[in-house]
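To keep things clear, I will list the structure first and then write my remarks on it.
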Amino acid sequence: MKGEIEKTLETMDNVLKARVILSVPQISPNPFSEPKELTGASVLLKIKKGTYVSKDTVKGILIGAVSSIDKEKISIEIVESSAQTTKSSGHLINIGPFLLSESSAKTFYAVLISILVIISVAVSMLFFFFIRKKSFLPEAKESEGY
């Protein structure tokens, strides 16, 4: 659950990195007892320099994701990045079994097409030489006697 919350927070605008620590109370061995404590959370967000992220939005995400969380036990710290940075190349896309960034996709397609062209040229040359070799073979002449 912690990882999913981190991924969700990192999709927010201006968030570069998110770390979440959930404080889940121990479960009592008695199935009929009520939990004594509610779940708490501690969140650290690293954001782009000169930007803003609302703590209320982060609390809302946590409350929606963890049903047993206590609003009072949510601690949120937001720090700015020391340098003006941006997320790398944006979205990742699937190309067959490969997961690539959008900027790498064009290079991948170029390499893939080059490989396919080389393979098709090689197959064409093999086929051509096979047909050519077959046409130069002397045909067996039937014997004219008997």
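The values are calculated or read from the model by the stated rules, or taken from the named source; none is laboratory data. None of these values were measured; they are calculated from a predicted model. Neighbour counts run over all protein chains shown; Cβ positions are idealised from the backbone, glycine included. Ligands, DNA and RNA are excluded from the accessible area calculation, which covers all protein heavy atoms including side chains. Shrake-Rupley method; radii C 1.70, N 1.55, O 1.52, S 1.80 Å.
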Check which residues have an amide H placed less than 5 Å from residue 23's amide H, if you skip close sequence neighbours. 40, 41, 42
May I ask you to evaluate 6.51 cos²θ - 1.76 cosθ + 1.60, the Karplus curve with θ = phi - 60°, for each residue of the range 100-105 and list the ³J(HN,Hα) values in order in whole Hz, giving x for glycine and proline? 10, 6, 4, 5, 7, 4
Step through the table entries 49/73; 7/48; 7/106, compare each Cα-Cα distance with 24 Å, and write down the pairs that go over it. 49/73; 7/106
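Could you sort 61, 27, 74 by their accessible area in this structure, using a 1.4 Å probe and putting the largest first? Before the final figure, lay out each step's value.
Details: 61 45, 27 155, 74 20 Å².
Of 61, 27, 74, the descending order of accessible area is 27, 61, 74.
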Can you give the accessible area of residue 130 in Å² (nearest 10), computed on protein heavy atoms with a 1.4 Å probe? 130
Grab the Cα-Cα distance for residue 92 and residue 55, subtract it from 0.36 nm times how many residues apart they are, and report the gain in nm with one decimal. 10.6 nm
Take residue 21 and residue 114, extend 7 Å from each Cα along the Cα→Cβ direction, and tell me the distance between the two endpoints in nm. 4.9
For 70, 13, write out the residues from largest to smallest accessible area, computed with a 1.4 angstrom probe and no ligands counted. 13, 70
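Using only alpha carbon pairs under 8 Å that are at least six residues apart, calculate the relative contact order of the range 1-133 and give it in whole percent.
Values: 147 pairs, mean separation 25.0, N = 133.
Across the range 1-133, relative contact order equals 19 percent.
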